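Here the structure is laid out as structure tokens; the discussion comes afterwards.
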Amino acid sequence: MTDTSPDRLPAATEPTPRRLRLRRALRHQGVVLGGGLIILAVLIALFAPLLAPADPIAQNLTGRLLPPVWLDGGSTEHLLGTDHLGRDYLSRLIYGTRVSLIVGLSVMALSGVIGTTLGFIAGYFGGRVDMVVMYIITTRLTMPSLLIALALIAIIGGSLTTMILVMGLLFWDRYAVVVRTATAQIVQGDFVSAARVAGASAPWIIWNEIRPNVMHHVLVIATLEMAMAVLSEASLSFLGLGVPAPTPSWGLMIAEGRTFLFAKPYLVWIPGIAIFLMVLAINMLGDGLRDISQPDGRR
Amino acid sequence: MLSFARDRILLSVCVLLTATFVGFLLLQASGDLAASLAGENASADDIAQLRQQLGLDQPLLLRYWHWLIGALQGDLGTSYFTREPVTGLFAERLGATLTLAIAALVISVVVSLPLGVFAALKPNSWVDGLLSLLALSGQAVPSFWLGLIFISFFGVTLRWLPISGSDTAMHFVLPSVVLAVSAIPALARLVRSGMIEVLSQDYIRTARSKGLPRHRVLMRHALRNALLPVISLTAVQLGALLGGSVIVEAVFAIDGIGQLTFRSIQRGDFPVVQAMLVFVALSYTVLTLVADLMNAWIDPRLRSRK
């Protein structure tokens, strides 16, 4: 433990709390590995046009179902082979990173705004307000989110925007529950009473006094929700109710490759592994963030 | 206890009513059902006629009211597509889905309990590491993909198990394992954290210092107390498994209510979809209610809290 006697002011060279947190994060295997993979995925998504060897939706009907480079008949021209319409599989995989990340991040942000707002309001005001918000949360939990998402997208029509909106409006429950509990605890702190006495408004207190103290919870939930959104996007697209063809989505690629499951299993394996790695990375980062934000996880 | 139970049940009924109404609203208000049912080539007259035929020209609130009155009498309407009563369509297929969900739940409990207990006994040991690894992978694997991989490996390469349909018990092995994989991570982690917490309590130290055998302390004193939150989660998980059955039944071609719902979603058969929403909402509500009441009965302190 560090010396915490009150007369000892931190010297200029001493690390700030922010830097300490960063140092702890960089020592955590999960954070480094998960975060590294996510950064890699973001880079792939950003530079997809430069990385992809071919146009992901350009069909070539004379070069259909070409095997990947490690199988007989494979060539370096199509490293992962081609699909049933002769589209370069590697290029589709690379562009699929974009769909996955865009849905994951947007749903995380949209549901995060809804959920944390509700959680702040319920936790800060308590009493009747809290009861109303709890009622909304319970009602939401009672409704099966995947089923509703499927049904809504079937009615409205599948597109990237529809998917993000529907999932964003459904997946906020965990944020609300966690932020509500944390806020209700923090509101009892002396610094909040002091701000109130000083005449600060509720939004000001929530933003400046409470928000910084619940952000670490929100971050952990955010990773969970992003993982769930990535998985749900894949499932919806697999069921034919997500992004419309020919947009390259990993779930859609599995659905299209399913026809050739027995003859060309790699068409199903490759995008599946991509989804698995993406979700694994997000969850590893989330677990790591939880570890380092808990005092007993700080080793 | 009685007044707690009464309040809790009343709340559940209100929540259930709100949930079905919101579901109804979302399904009915998000598009023109009659237009999408009639198809692209239908004329405006056809659509208007269909709308009238299905009662879609009435105001939304009135339609919900009629639906609710019917539902309370066990009549969930008629399928737009097959013209059969929805209740019958459901009853025929409920068995397959329940078999699947319960088998999956049993598998996940049988795997999670020992794994969680052993991991809790030796935190940071190899068993604990294995649990984290399994939990992380289990959460990351898409169930539809795992289903396809199982089909190609166990069904085609090894030819051990049937891969589609629901004729024999063997048909349920692969789908219930796939479904269980989605439930195991959360359960195992909860058993682990519950056990770690209970094992540090004073009464465990007392039991140990009395000289009780190790397994007795573990089973009778620790596990029993650690199981309380696990029971609640199991109840919630069963609801989630019913929802997840939509994907698994689609992959393994099991003719259960999940498959029925998915097909009905695809062809805009709204009464069937609404019935499934109600079914899942009702199971979730009843299961959490039972879990809450059970916990309140076991632990009186919970009764005063709301």
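The values are calculated or read from the model by the stated rules, or taken from the named source; none is laboratory data. Remember, it's a predicted structure, so these values are computed and weren't measured experimentally. Counting neighbours? That spans all protein chains shown, and the Cβs are built from the backbone with ideal geometry, glycine included. These area figures cover heavy atoms from the full protein model, side chains too; ligands, DNA and RNA do not enter into them. Shrake-Rupley method; radii C 1.70, N 1.55, O 1.52, S 1.80 Å.
Some points to look at:
- Some residue of the stretch A:29-50 being open to solvent by 80 Å² or more (accessible area, probe 1.4 Å), over 19 Å from residue A:223 (Cα atoms) and modelled with pLDDT under 85: no
- Lone unmet requirement of (1) closer than 22 Å to residue B:4 by Cα; (2) in contact (Cβ under 8 Å) with a residue 24 or more places away in the chain; (3) not aliphatic (A, V, I, L, M) for residue B:252: (1)
- The set of residues from the stretch A:137-162 being at the interface with chain B (Cβ under 9 Å from one of its Cβ atoms), part of a helix (DSSP H, G or I) and under 14 Å from residue B:18 (Cα atoms) comprises A:138, A:139, A:140, A:141, A:142.
- Residue in the stretch A:107-124 that is open to solvent by 30 Å² or more (accessible area, probe 1.4 Å), at pLDDT 90 or above and touching a Leu at 6+ places or on another chain (Cβ under 8 Å) present: yes
- Residue in the stretch B:285-292 that is more than 12 Å from chain A (Cβ to nearest Cβ) and either farther than 30 Å from residue B:141 by Cα or in contact with a strand residue (DSSP E or B) (Cβ under 9 Å, 6 or more places away or on another chain) (or both) present: yes
- Within the stretch B:272-300, tally of residues that are small (Gly, Ala, Ser) and either surrounded by fewer than 18 Cβ atoms within 10 Å (Cβ to Cβ) or within 13 Å of the chain's Cα centre (by Cα) (or both): 2
- Evaluated against (1) open to solvent by 50 Å² or more (accessible area, probe 1.4 Å); (2) closer than 24 Å to residue A:151 by Cβ, residue B:55 falls short on exactly one condition, (1).
- Some residue of the stretch A:121-129 being within 13 Å of chain B (Cβ to nearest Cβ) and within 25 Å of the chain's Cα centre (by Cα): no
- Applying the set (1) in a helix (DSSP H, G or I); (2) in contact with a helix residue (DSSP H, G or I) (Cβ under 8 Å, 6 or more places away or on another chain) to residue A:113 leaves exactly one unmet item: (2).
- Residues that are of a type in the set (Phe, Trp, Tyr) and more than 8 Å from chain A (Cβ to nearest Cβ), drawn from the stretch B:134-164: B:150, B:153, B:154, B:160
- Selected residue (only one of B:262, B:270, B:252 is farther than 26 Å from residue B:287 by Cα and aromatic (Phe, Trp, Tyr)): B:252
- Within the stretch B:224-263, considering residues that are at pLDDT below 90, of a type in the set (S, T, N, Q) and surrounded by 22 or more Cβ atoms within 10 Å (Cβ to Cβ), the one nearest to residue A:141 (Cα to Cα): B:237
- Candidate set: the stretch B:133-155, residues that are free of Cβ contacts under 8 Å to residues at least 12 places away in the same chain and open to solvent by 10 Å² or more (accessible area, probe 1.4 Å); chosen: the one farthest from residue A:232 (Cα to Cα): B:153
- Within the stretch B:83-124, the set of residues being outside any helix (DSSP H, G or I) and either in contact (Cβ under 8 Å) with a residue 60 or more places away in the chain or open to solvent by less than 30 Å² (accessible area, probe 1.4 Å) (or both) comprises B:123 only.
- Selection from the stretch B:1-23 of residues that are in a helix (DSSP H, G or I) and either away from chain A (no Cβ under 11 Å) or surrounded by fewer than 16 Cβ atoms within 10 Å (Cβ to Cβ) (or both): B:2, B:3, B:4, B:5, B:6, B:7, B:8, B:9, B:10, B:13, B:14, B:17
- Selection status of residue A:193, more than 14 Å from every other protein chain (Cβ to nearest Cβ), under 30 Å from residue B:247 (Cβ atoms) and in a helix (DSSP H, G or I): no
- Every residue from the stretch B:156-190 that is of a type outside the set (Val, Ile, Thr), open to solvent by 10 Å² or more (accessible area, probe 1.4 Å) and without any contact (Cβ under 8 Å) to a residue 60 or more places away in the chain: B:158, B:159, B:160, B:161, B:162, B:167, B:169, B:170, B:186
- Test: residue A:172 is modelled with pLDDT of 90 or more and more than 21 Å from residue A:100 (Cα to Cα): no
- Qualifying residue in the stretch B:259-282 (condition: within 30 Å of residue B:122 (Cβ to Cβ), more than 9 Å from chain A (Cβ to nearest Cβ) and touching a residue at least 12 places away in the same chain (Cβ under 8 Å)): no
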